[in-house]
Amino acid sequence: GKLSTLGQWNIPEGFNIKDNPQGRICYDVIQKNEDVILVVHDLMNSPYTKTDPNITRYGLNTYIGYPVRLSGESVGSLCAIYKKEFTPNQEDKEIIGIIAAAIGVEEERRKIRENLEHRIKFEEVITSISTNFIKIESGSVNQEISRALETIGRFVGVDRSYIFLFNNNLTQASNTYEWCSEGIEPLIDKLQDIPAESLPWFAQKVKKFE
């Protein structure tokens with residue numbers, strides 16, 4: 001919901017690096033998602049003066065912007081802003097396009113790396129839970145289930161995690177185990193004997209063994 005400046009050079013003092021995106025030229029570059037460079041001259045007399053206070057605040061004249069893409073979708077913009085009139089030549093445009101493409105490639109690599117790291121941590125969590133259940137004593141099943149729900153809940157960053165069990169004919173479901181993060185009210189007592197038709201997506205998954 002915000003337009004954030006993640007990297008910058010020679011920005012003016014007091015420049016807000018996180019702001020609302022509507023009406024900003026960079027946001028228009030992102031929204032259009034076109035493989036072309038956008039050049040806006042005479043910013044002080046453009047419609048953007050009504051929506052982007054930075055233009056008059058810093059006396060801006062020329063804007064040059066190019067979309068940064070991730071998996072084909074525009075996720076940001078690379079821009080150069082001048083206080084004087086400036087018309088980029090073909091070489092300038094090509095350089096900006098190359099840099100924007102390079103940023104997109106690095107973002108793609110970062111995303112792949114983060115997904116891989118998340119996958120490794122996820123597998124470690126599953127291995128840990130599985131190992132604990134293998135070693136479990138018969139009298140500690142309930143405690144271990146609750147511990148597993150907490151481990152999963154904290155890993156994925158949710159407020160609560162629970163186990164529902166359906167009756168034999170899959171017409172009702174009840175909350176049998178629940179973990180809640182700090183400050184979250186437990187609902188286990190309220191979520192009992194719930195009709196399956198009130199949980200259509202959940203019921204279908206169970207019936208299909210998904």
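Once you have a ≥ b ≥ c as the square roots of the Cα gyration tensor eigenvalues for the stretch 138-180, tell me rounded if a/c is under 1.5, and otherwise prolate or oblate according to whether a/b is larger than b/c.
Numbers: a/c = 3.32, a/b = 1.41, b/c = 2.36.
Oblate.
List the extent of the Cα atoms of the chain along each of their three principal axes, largest first, rounded to whole Å.
77, 35, 33
Trypsin sites (Lys or Arg not before Pro) within the stretch 1-80: which are DSSP loop residues with at most 14 other Cβ atoms inside 10 Å? Don't skip to the answer; put the middle values down first.
Details: sites: K2, K18, R24, K32, K50, R57, R69; in loops: K2, R24.
In loop regions of the stretch 1-80 (DSSP not H, G, I, E or B), the sparsely surrounded trypsin sites (Lys or Arg not before Pro) are K2.
Principal axis extents for the stretch 1-53, Cα atoms only, whole Å, descending order, please.
27, 25, 22
How large is the charge dipole for the stretch 1-154, taken about the Cα centre, if only the Cβ atoms of Lys, Arg (+1) and Asp, Glu (-1) carry charge, to the nearest 20 debye?
Numbers: 19 positive and 22 negative charges, 71 e Å.
It works out to roughly 340 debye.
Given a 1.4 Å probe and the protein chains all in place, what does the accessible area of T56 round to, in Å² to the nearest 10?
Surface accessible to solvent at T56 totals approximately 80 Å².
Within the stretch 89-146, which trypsin sites (Lys or Arg not before Pro) sit in a loop by DSSP and count at most 14 neighbouring Cβ atoms inside 10 Å?
K135
Once whole DSSP H runs in the chain are found, which of them have Cα atoms spread over 20 Å or more along the helix axis and a mean Kyte-Doolittle score of at least -1.0? Provide the component values of the computation, followed by the final result.
Working: long enough: 90-134 (66 Å, -0.31); 141-156 (23 Å, 0.06).
Those that pass (Cα extent of 20 Å or more, hydropathy at least -1.0) are 90-134, 141-156.
Taking each pair of distinct Cα atoms in the stretch 82-185 once, what is the resulting Kirkwood hydrodynamic radius in Å?
Working: mean 1/r = 0.0537 Å⁻¹.
Radius from the Kirkwood sum: 18.6 Å.
Run the Debye formula on the Cα coordinates of the stretch 1-90, all scatterers equal and no solvent, and tell me log10 I(q)/I(0) at q = 0.16, 0.17, 0.23, 0.26 1/Å.
-0.63, -0.72, -1.35, -1.63
If you place +1 on the Cβ of every Lys and Arg and -1 on the Cβ of every Asp and Glu, how big does the dipole about the Cα centre of the stretch 63-163 come out, in debye to the nearest 20?
Working: 14 positive and 16 negative charges, 31 e Å.
Computed charge dipole of the stretch 63-163: roughly 140 debye.
Just how much of C26 is accessible, in Å², when a 1.4 Å probe is used and the result is rounded to the nearest 10?
Result for C26: roughly 30 Å² accessible.
Which of the GluC sites (Glu not before Pro) found in the stretch 66-159 are loop residues per DSSP with 13 or fewer other Cβ atoms within 10 Å of their Cβ?
Here the sparse-neighbourhood loop sites are E85, E137.
Please state the Cα pair-distance histogram of the stretch 51-108 with 5 angstrom bins from zero: what percent is in each bin?
Once binned at 5 Å, the Cα pair distances of the stretch 51-108 give 4, 18, 23, 19, 16, 14, 6, 0.
Please compute the per residue accessible area over the stretch 1-147 with all protein chains in place, 1.4 Å probe, rounded to a whole number of Å². Mind dumping the intermediate values first?
On the way: 10120 Å² over 147 residues.
On a per-residue basis, the stretch 1-147 sits at 69 Å².
Local charge sum around S4 (other residues, Cβ-Cβ under 12 Å, Lys/Arg +1, Asp/Glu -1)? Provide the component values of the computation, followed by the final result.
Values: positive: K2, K18, R24; negative: D19.
So the environment of S4 carries a net charge of +2.
Counting alpha carbon pairs within less than 8 Å and at least 6 residues apart, what relative contact order, in whole percent, applies to the chain? Spell out each step's value before the answer.
Values: 248 pairs, mean separation 21.9, N = 210.
Reported relative contact order: 10 percent.
The values are calculated or read from the model by the stated rules, or taken from the named source; none is laboratory data. Please read these numbers as outputs of a predicted model, since none were measured by experiment. Cβ coordinates were reconstructed from backbone atoms using ideal geometry, including for glycine residues, and neighbour counts include every protein chain displayed. Keep in mind that these areas ignore ligands, DNA and RNA; they rest on the heavy atoms of the full protein, side chains included. Shrake-Rupley method; radii C 1.70, N 1.55, O 1.52, S 1.80 Å.
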